[in-house]
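The values are calculated or read from the model by the stated rules, or taken from the named source; none is laboratory data. The shown structure was predicted, so the numbers you read here are calculated from the model rather than taken from an experiment. Glycine gets a Cβ as well: all are built from the backbone with ideal geometry, and neighbour counts include every protein chain shown.
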Amino acid sequence: MAVQARTIEQITEDFSISIETLARFLNTSTRTVMRWKKEGIEPSPQHRERLEKIAYIDRRLRQVLKPDAIDRWLHAYNDSLGGKRPIDLLTKGQYDKLLSAIAQLEEGVFV
């Protein structure tokens with residue numbers, strides 16, 4: 001399995017999301033993500049950067065939360081994010097805000 005395929009599988013599994021949702025996060029089509037996964041086609045530099053950022057967020061979450069807690073955290077409204085859900089910030093590409101919230105989790109701050 002190619003690196004991109006493993007990354008896509010890991011993110012969709014950890015975040016409990018579909019390929020369609022991941023495609024929205026990456027601002028591309030479901031068909032394109034499926035081609036990366038099944039045919040080993042490399043994403044464009046812009047899409048690769050987004051995929052790498054989302055994979056980094058996934059790795060950070062796996063360091064601080066139990067696997068079953070990741071999905072709950074991503075889909076819960078969060079006061080430290082202005083009452084928004086982390087999953088919605090992924091869609092908007094607001095990765096820095098998510099990483100800040102994850103850092104608070106690491107420090108033991110309730111978010």
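Counting only residues that are among the polar types (S, T, N, Q) and within 17 Å of ASP71 (Cα to Cα), which one in the range 8-45 is surrounded by the fewest Cβ atoms within 10 Å (Cβ to Cβ)? Spell out the reasoning first.
Keep residues of the range 8-45 that are among the polar types (S, T, N, Q), which gives 10, 12, 16, 18, 21, 27-30, 32, 44.
Subsequent filtering for residues that are within 17 Å of ASP71 (Cα to Cα) retains 10, 12, 16, 18, 21.
Working: GLN10: 14, THR12: 18, SER16: 15, SER18: 11, THR21: 18.
Checking each candidate, the answer is SER18.
Can you work out which of the residues in the range 6-20 that are part of a helix (DSSP H, G or I) and touching a residue at least 12 places away in the same chain (Cβ under 8 Å) is farthest from ASP58 (Cα to Cα)? Working first, answer last.
Restricting attention to the range 6-20, the residues satisfying the condition of being part of a helix (DSSP H, G or I) are 6-15, 19-20.
Now restrict to residues that are touching a residue at least 12 places away in the same chain (Cβ under 8 Å): 7-11, 14-15, 19.
Values: THR7: 10, ILE8: 11, GLU9: 12, GLN10: 8, ILE11: 7, ASP14: 7, PHE15: 8, ILE19: 15 Å.
Filtering the range 6-20 for residues that are part of a helix (DSSP H, G or I) and touching a residue at least 12 places away in the same chain (Cβ under 8 Å), the one farthest from ASP58 (Cα to Cα) comes out as ILE19.
State which residue is modelled with the lowest pLDDT when the search covers only the range 76-99 and only residues that are surrounded by 15 or more Cβ atoms within 10 Å (Cβ to Cβ) and more than 25 Å from GLN4 (Cβ to Cβ).
It comes out as SER80.
One line per residue, one yes/no per condition, for (1) farther than 23 Å from PRO86 by Cβ; (2) at pLDDT below 95; (3) assigned to a helix (DSSP H, G or I):
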| site | (1), (2), (3) |
| --- | --- |
| LEU22 | no, no, yes |
| THR32 | yes, no, yes |
| LYS38 | yes, yes, yes |
| GLU42 | yes, yes, no |
| ASP58 | no, no, yes |
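Answer yes or no as to whether LYS66 is within 18 Å of ASP88 (Cβ to Cβ) and of a type in the set (Lys, Arg). Show your work before the answer.
Details: within 18 Å of ASP88 (Cβ to Cβ): no; of a type in the set (Lys, Arg): yes.
No, not satisfied.
Could you figure out which of (1) within 11 Å of the chain's Cα centre (by Cα); (2) farther than 14 Å from ILE87 by Cβ; (3) not small (Gly, Ala, Ser) isn't true of GLU49?
Among (1) within 11 Å of the chain's Cα centre (by Cα); (2) farther than 14 Å from ILE87 by Cβ; (3) not small (Gly, Ala, Ser), GLU49 violates only (1).
How many of the residues making up the range 68-87 are touching a helix residue (DSSP H, G or I) at 6+ places or on another chain (Cβ under 8 Å) and in contact (Cβ under 8 Å) with a residue 12 or more places away in the chain?
So the count comes out to 10.
Check LEU51, LEU61, LEU90, LEU65 and return the single one that is of a type in the set (A, V, I, L, M, F, W, C) and in contact (Cβ under 8 Å) with a residue 60 or more places away in the chain.
Numbers: LEU51 fails: in contact (Cβ under 8 Å) with a residue 60 or more places away in the chain; LEU61 fails: in contact (Cβ under 8 Å) with a residue 60 or more places away in the chain; LEU65 fails: in contact (Cβ under 8 Å) with a residue 60 or more places away in the chain.
Exactly one residue qualifies, and that residue is LEU90.
Let's see how each residue does on (1) more than 19 Å from ILE17 (Cα to Cα); (2) assigned to a loop (DSSP other than H, G, I, E, B); (3) of a type outside the set (D, E, K, R); (4) in contact with a Gly (Cβ under 9 Å, 6 or more places away or on another chain):
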| residue | (1), (2), (3), (4) |
| --- | --- |
| LEU51 | no, no, yes, no |
| ARG62 | no, no, no, no |
| ASP68 | no, no, no, no |
| ASP71 | no, no, no, no |
| LEU89 | no, no, yes, no |
| LYS97 | yes, no, no, yes |
| LEU105 | yes, no, yes, no |
